[in-house]
Amino acid sequence: PVEEDGRLHDPVLRENFVERVFALHELNCLHKNGLTRRALLDFHSRYKLQLLAHHQAGYREIGPFVASLHEWQDLEAFFAIYREKLMTILKQPASRKNHTNVLMHIQGYFRNQLNSRQRGELREVILNYRSGLLPILAPLTLLKHYLAEYPDRYLQAQNYFDPYPQDLALRLTVH
């Protein structure tokens, strides 16, 4: 990933750049450690919500491409195209609208575990985020709390919750 240094003063662009750096690093480590179809599928599965937050149309386009993985004889060629598609999607900064869509999607995973008060509280926090009254950290923190209380393997594996080390504290200044 490349970004002009002056643009990195914008917190949204800085977070987007750091997200791309960590995603590309993880993907390149996967390649270096021995590329397999299973490893690529697992990687993509972990990044689904993050991709959806960045670019919904790109998310819908890359899904069928990944589903065609079994048809590819040349795994290296697939990897090169996948990496390019991934970086193109992630280059689009995640919007408040797309984040809200992802947060509502995650909320659906808890519909059977949360009581009506909890569902209402979570919905209100998400809507307050969408309106700009709360930072992204507010709904994410509440969702992580519910995830700890009501574990879900798919959600726990999602890179969306922690796309880079928390000590970078980028989400304190974003959105």
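Side notes on the structure shown:
- Total charge dipole magnitude, segment 5-91, about the Cα centre, Cβ charges on Lys, Arg, Asp, Glu only, Debye to nearest 20: 140
- Ranked Ser68, Ser116, Ser45, criterion: other C-beta atoms within 10 Å, fewest first: Ser116, Ser68, Ser45
- Distance (nanometres) between label positions extended 7 Å along Cα→Cβ at Thr141 and His70: 4.4
- Segment 34-175, dipole about Cα centre (Lys/Arg Cβ +1, Asp/Glu Cβ -1), debye to the nearest 20: 420
- In range of the label at Lys97: residues from segment 54-73 whose backbone nitrogen is under 14 Å from the point 7 Å along Cα→Cβ: 54-58
- Restricting the calculation to Cα atoms, every distinct pair contributes to the Kirkwood radius of segment 5-91, found to be 13.6 Å.
- From phi via Karplus (6.51, -1.76, 1.60), per-residue ³J(HN,Hα) for segment 142-151 in Hz, x at Gly/Pro: 5, 5, 5, 4, 5, 5, 5, 6, 10, x
- Ellipsoid semi-axes for the chain, based on the Cα gyration tensor and the rule √(5λ), read 28, 21, 14 Å when sorted largest first.
- Cα lying deepest toward the dipole's positive end in the chain, options Phe78, Tyr109, Ala39, charges on Cβ: Tyr109
- Relative counts (whole %) of C-alpha pair distances in segment 96-172, using bins that are 5 Å wide: 3, 15, 28, 26, 19, 7, 1
- Folded to 0 to 90 degrees: helix 56-67 orientation relative to the chain principal axis, Cα: 50
- In this rough spin-label picture, where each label sits 7 Å from Cα along the Cβ direction, the Asn28-Met87 distance is 0.9 nm.
- Which of Asp74, Asp152 has the fewest Cβ neighbours within 10 Å, and the rest in rising order: Asp74, Asp152
- Spacing of the two label points (7 Å from each Cα toward its C-beta) at Asn128 and Arg46, in nm: 3.2
Bear in mind these aren't lab numbers, they're just calculated from the coordinates by the rules spelled out. From a predicted model like this one, the values you see are computed outputs, not experimental measurements. Positions of Cβ are generated from backbone atoms using ideal geometry, with glycine treated the same way; all protein chains shown enter the neighbour counts.
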